[in-house]
1. Between Cys305, Cys59, Cys132, find the one with the highest GNM mean-square fluctuation for the chain; connect C-alpha pairs within less than 10 Å.
2. If the viscosity is 0.890 mPa s and the temperature 25 °C, what translational diffusion coefficient in µm²/s does Stokes-Einstein give for the chain when Rh comes from Kirkwood over Cα pairs?
3. Expected output is a single nm value to one decimal: the length gained when fully extending between Glu66 and Asn254, i.e. 0.36 nm times separation in residues minus the C-alpha distance. What is it?
4. Please compare each pair in Lys46/Lys285; Lys42/Lys92; Lys56/Lys84; Lys214/Lys278 to a cut-off of 26 Å on the Cα-Cα distance and tell me which ones are over it.
5. Can you list the aspartates and glutamates whose alpha carbon sits under 20 Å from that of Lys71, skipping same-chain ones fewer than 8 residues off?
6. Running a GNM on the chain with Cα contacts under 10 Å, which residue among Ser89, Ser139, Ser73 ends up with the highest mean-square fluctuation?
7. How long is the gain from Lys46 to Tyr34 if the chain were fully straight, where each residue apart is worth 0.36 nm and the alpha carbon distance is subtracted?
8. Which percent of the accessible heavy-atom area of the chain goes to carbon and sulfur, probe 1.4 angstrom?
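The values are calculated or read from the model by the stated rules, or taken from the named source; none is laboratory data. Note that this is a predicted model, so its numbers are computed, not measured. Note: ideal-geometry Cβ built from the backbone for every residue, glycine included; neighbour counts use all protein chains shown. What goes into the accessible areas is simple: the full protein's heavy atoms, side chains included, and nothing from ligands, DNA or RNA. Shrake-Rupley method; radii C 1.70, N 1.55, O 1.52, S 1.80 Å.
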Amino acid sequence: MRILVAGGAGYIGSHTIVELYKKGHTVVCVDNLYNSKLKVIKNIEKIIGTNIPFYKVDCCNKKKLETVFKKESFEAVIMFQGYKAVGESVKKPLEYYRNNIDSALTILELMDKFNIHNVIFSSSATVYGKNCKSPIKESDNSQCLNEITNPYGETKAMIERILMDKAKSDKTFKAVILRYFNPVGAHESGLIGEDPNGIPNNLMPYIAKVATGKLPYLNVYGNDYKTKDGTGVRDYIHVVDLAIGHVATIKCFNNKKTNLWIYNLGTGKGTSVLDLVKEYENANKLSIKYKIVGRREGDIDKLYCNPKRANEELNWQASRTVNAMCESSYKYEFNNKISGGELCQKTKKLKKK
Ligand code: UFG
């Protein structure tokens with residue numbers, strides 16, 4: 001199948017393009033490079049050994065995006081585009097609602113206009129809200145509505161709702177909603193991985209910067225949660241397993257029984273912050289300095305999924321170990337030449353405030 005990948009230069013999009021090519025699919029990639037770099041496209045091309053058509057286009061710009069729909073032919077769209085930082089979304093809600101909802105609607109309207117019926121949407125476990133009990137099943141979020149804690153999560157839930165309503169109104173329209181747990185790690189080549197701007201908000205990229213000396217130590221946000229060692233427990237999934245999960249859903253489009261699918265993509269296993277630190281140290285034979293500090297606002301004790309539906313219906317399972325996640329994360333960070341000094345300066349300034 002030929003697929004338009006919106007936000008294909010980003011962390012999950014780039015790994016998915018690689019896995020799509022492995023299975024014989026081809027892509028057209030659009031990305032505004034807001035949170036990614038053109039170098040990522042070059043590195044994807046190095047891994048797959050062929051060039052991919054790339055357009056630097058903002059998916060909110062209907063006129064420009066329409067030129068891509070006119071020029072290229074494809075049968076499905078994967079929507080990775082969108083802002084994704086939880087904390088930033090609390091500070092800039094209007095930007096998040098405008099960008100995430102607008103880009104999704106623009107793509108869906110163009111799909112309608114150009115008779116493209118198949119879409120895969122990059123959603124998040126954040127739609128389960130703060131009170132869902134782990135392990136979480138796909139059906140659990142109906143009980144947890146109104147418990148989403150940030151605008152980023154609200155945009156994911158709203159786009160899910162838009163897709164559900166569209167699927168109800170148009171039986172030729174087929175939508176797959178994928179709720180990611182905590183994607184981490186990088187491609188084994190070390191060429192693509194997670195490259196957040198500035199100081200990372202998420203645990204694994206932060207550990208990677210401590211491991212390579214770009215940041216002095218990790219802040220562990222709380223050790224008084226109701227978990228085995230008191231630190232937060234999450235369902236970390238290797239980004240390559242996650243990417244393979246997307247490829248596995250393509251067969252849904254041939255299923256005539258229904259036209260909307262929702263899947264959790266996670267391992268079903270919980271790992272604490274301190275577990276992850278230990279695994280990182282063992283996998284890469286180094287030591288990670290950390291300090292226990294207060295809880296981060298909005299965090300919950302445990303979040304992991306029941307992945308049974310994806311395991312059974314898609315014949316997909318996350319198989320890569322936490323060790324492999326840590327090893328690949330370090331390899332990518334090591335290869336990735338970001339100035340470490342600059343980051344350390346920024347941390348010092350923040351601490352003074
Ligand atoms: N943590 C630290 N120190 C840090 C960063 C994180 O101790 O510097 C802890 C957190 O308190 C939490 C765990 O590490 O217990 C994981 O935190 P992350 O920020 O890596 O991930 P979250 O689970 O908070 O959020 C992630 C994504 C969201 C997504 C959510 C869905 O960032 O986009 O998973 O499960 F919505």
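1. Highest fluctuation of the listed residues: Cys132.
2. The Stokes-Einstein estimate is 118 µm²/s.
3. Gain on stretching Glu66 to Asn254: 65.0 nm.
4. Long pairs (Cα-Cα over 26 Å): Lys46/Lys285; Lys42/Lys92.
5. Straight-distance partners of Lys71: Asp31, Asp58, Glu109, Asp112.
6. Ranking Ser89, Ser139, Ser73 by mean-square fluctuation puts Ser139 first.
7. Taking 0.36 nm per residue and subtracting the Cα distance, the gain is 2.1 nm.
8. Of the solvent-accessible surface of the chain, carbon and sulfur hold 50 percent.
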